[in-house]
Amino acid sequence: MVERDLNEIEEKKSLSFVEQIVKDDLAKGRNGGKIQTRFPPEPNGYLHIGHAKAIAIDFGLAKKYGGVCNLRFDDTNPVKEDTEYIESIEHDIKWLGFQWANVYYASDYFQQLWDFAVWLIKQGRAYVDEQSAEAIAQQKGTTTSPGQNSPFRDRPIDENLRLFEYMNSGKCEPGTLVLRAKIDMAHPNMLFRDPLIYRVLNIPHVKTGSKWNAYPMYDFTHGQSDYLEGVTHSWCTLEFVEHRPLYDLFVSWMREWIADCGPASESGSKLSMLNEQLSTYDGPRQTEFNKLNLSYTLMSKRNLLALVNEHLVSGWDDPRMPTICGFRRRGYSPESIVKFIDKIGYTKIDGLNDMALLESVVRDDLNSRAIRVAAVLDPVKVVITNYPEGQTEQLSAVNNPENEADGTHDVEFGREIWIERDDFMEVAEKKFMRLAPGKEVRLKNAYIIKCDEQHPCDKDEQGRVTTIYCTYDPDTRSGLPGADRKIKGKTLHWVSCHNAAKAEVRLYDRLWKVENPRDEMAAIRDEQQCDAVTAMKQIINPDSLTVLSNCYVEPYAAQMKPLTYLQFQRIGYFNVDPASTADHLVFNKTVGLKDAWAKKK
């Protein structure tokens, strides 16, 4: 018994508090011992890595405990929504490795929400207010003083019903009428001070067309949609802690409404079905956890949209963006993102996660999956003078030393090769272990070569080295007994001049110069009284993208499909850009082999 209790304690320690709630609810038989979750994005932008944290828990825990997770688009604001965003969200979720049970839309429940609102009016729990937004905000009071009742709070029920219908007629001017829940203008939680639950937009909806001109507010839609779907666990971030009591109140009112309605109502069969399930459905439980905040990263969709619209980045999938599609294009694997989320966990305290931690997880993940290839980013030619002219030979290179099943590929060796310019020094320091007059180095998968002492190189008129001259030791080819000969020099990567493919390589750095761009932007805007874009331009990193157009890669790399994970030996992890073609090869740097950012700081 004692041993079992200790095991249970250790298991609880290893679980996040969110998962522990699920286990406890299932053990108690809450909601009939079932788990159903939902991921409810608003289709007004592309998903970013912060959304990935919600996706991982919504889909992950439902799957782990034998439940289902639905995808529900919160499409209550037709001003900002677009089918482009819906398609991108679905693609990103699948790419991360998750699959929904059903796809729903908040707009699927517009009729039920309307009927519910009408019921609240008849119950004396909602009223139409015709004050301006400024007047309503002023009457809300403060956290230390109660609000004041609207002069329209006690308007007759029949008049409220007539005005509510008028709100949806298409004739009502937006901003002139709103529907408010009648709760308590003196409530210590400001959200309870007669919150708005419907407003007029007079904008056609992508799914419902022109049927609706009055649309429900988020707080009046979210919990009710959860309830109508049978959601058992509703997870959200910490800013919704104060919203939870209102969420619970609206859900309890909806339960009353469903119990009070029958199949004869406009929402008919749906409500009838739910009415039968009330005995086993306890309703959704909202739980809040910390957001995923990353250093040197900005994740507000409003600000990300501004970056795109102002052409400060190339688009939503720019590899410097924190969007899922941006990380995908840069070469992050979906597994690495999920592993990172699992590593940082879920807590009740907001914090700033170090971008270097994410890159470390990505680096470890790619080490096991990336194909090793040779690429020279700043090339200088080497002529091996004692190698026969016109002769070439095929050498063998291991695709991935971490995974034998990945096999090998051939690389061509010949008299002329490209190496990195900084792998040669004409006048070398004593500790310089690369190529220099009289010094030997090993060429990866090939031979030991020695730089000529008498005539080590040729230079152009500007003094820039154009050609390096070396000799090779034919007995030291990899795989031969002579390959074991010890030398002081390092092993260098190279590509053959004869068949190397020219390529463009894009090197990425932090998009922002400051660790916390959100707070820095706020400080700049407050001090200078400027807009967000003006503030952004002051802290954006001008060196976040470097394009190298005179690079060479071995032919094997040139044949890779878009988004293939690669390691450029001795340089870092890269992938093939989706826009890469046979005539214009493009590779994106994902992350270096080591954390170089810490040294910069």
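Here Asp194 meets each of (1) touching a Ser or Thr at 6+ places or on another chain (Cβ under 8 Å); (2) closer than 30 Å to Ile57 by Cβ; (3) outside any helix (DSSP H, G or I); (4) open to solvent by less than 50 Å² (accessible area, probe 1.4 Å) with one exception, condition (2). Residues in the range 436-453 that are in a loop (DSSP other than H, G, I, E, B) and charged (D, E, K, R): Lys439, Lys444, Asp452, Glu453. Selection over the range 410-435 of residues that are touching a Leu at 6+ places or on another chain (Cβ under 8 Å), assigned to a strand (DSSP E or B) and open to solvent by less than 50 Å² (accessible area, probe 1.4 Å) gives a count of 8.
Scanning the range 554-567 for residues that are open to solvent by 40 Å² or more (accessible area, probe 1.4 Å), within 22 Å of Pro322 (Cα to Cα) and not aliphatic (A, V, I, L, M) yields Pro562, Tyr565.
Would you list the strands (runs of 3 or more DSSP E) that sit entirely within the range 454-553 and hold 3 or more residues that are open to solvent by less than 50 Å² (accessible area, probe 1.4 Å)? Qualifying strands (runs of 3 or more DSSP E): 465-473, 501-508, 545-553.
Applying the set (1) open to solvent by less than 10 Å² (accessible area, probe 1.4 Å); (2) of a type in the set (Gly, Ala, Ser); (3) assigned to a loop (DSSP other than H, G, I, E, B) to Ala62 leaves exactly one unmet item: (3).
Based on what the data block shows, is Ile21 under 21 Å from Trp100 (Cα atoms) and assigned to a helix (DSSP H, G or I)? So Ile21 fails the test. Listed by position, the helices (runs of 4 or more DSSP H) contained in the range 283-344 that have at least 2 residues being out of contact with any Leu (no Cβ under 8 Å at 6 or more places or on another chain) and modelled with pLDDT under 95 are 301-309. Within the range 226-260, the set of residues being of a type in the set (Gly, Ala, Ser), more than 26 Å from Asp350 (Cβ to Cβ) and within 30 Å of the chain's Cα centre (by Cα) comprises just one member, Gly230. Of the residues making up the range 502-554, those that are within 18 Å of Ile571 (Cα to Cα) and among the acidic types (Asp, Glu) are Glu504, Asp509, Glu554. If you check Val361, Val376, Val382, Val398 for being among the aliphatic types (A, V, I, L, M) and surrounded by fewer than 16 Cβ atoms within 10 Å (Cβ to Cβ), only one passes: Val398.
Just one of (1) farther than 19 Å from Lys301 by Cα; (2) within 25 Å of the chain's Cα centre (by Cα) fails for Glu520. It is (1). The test for being at pLDDT 95 or above, polar (S, T, N, Q), closer than 26 Å to Phe424 by Cβ and touching a helix residue (DSSP H, G or I) at 6+ places or on another chain (Cβ under 9 Å) holds for Ser496.
Residues are listed down the side, and each one gets a yes or a no for (1) among the charged types (D, E, K, R); (2) surrounded by fewer than 20 Cβ atoms within 10 Å (Cβ to Cβ); (3) in contact (Cβ under 8 Å) with a residue 60 or more places away in the chain:
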| residue | (1), (2), (3) |
| --- | --- |
| Lys211 | yes, yes, yes |
| Tyr215 | no, no, yes |
| Gly223 | no, no, yes |
| Tyr227 | no, no, no |
| His233 | no, no, yes |
| Leu238 | no, yes, yes |
| Val241 | no, yes, no |
| Pro245 | no, yes, no |
| Met254 | no, no, yes |
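When residues in the range 33-53 are screened for being open to solvent by 10 Å² or more (accessible area, probe 1.4 Å), part of a helix (DSSP H, G or I) and in contact with a helix residue (DSSP H, G or I) (Cβ under 9 Å, 6 or more places away or on another chain), 2 of them pass.
The values are calculated or read from the model by the stated rules, or taken from the named source; none is laboratory data. The structure presented is a predicted model; accordingly, all values stated were derived computationally and were not measured. Every residue, glycine among them, receives a Cβ derived from its backbone with ideal geometry; neighbour counts consider all protein chains shown. Side chains included, ligands, DNA and RNA excluded: accessible areas come from the protein's heavy atoms. Shrake-Rupley method; radii C 1.70, N 1.55, O 1.52, S 1.80 Å.
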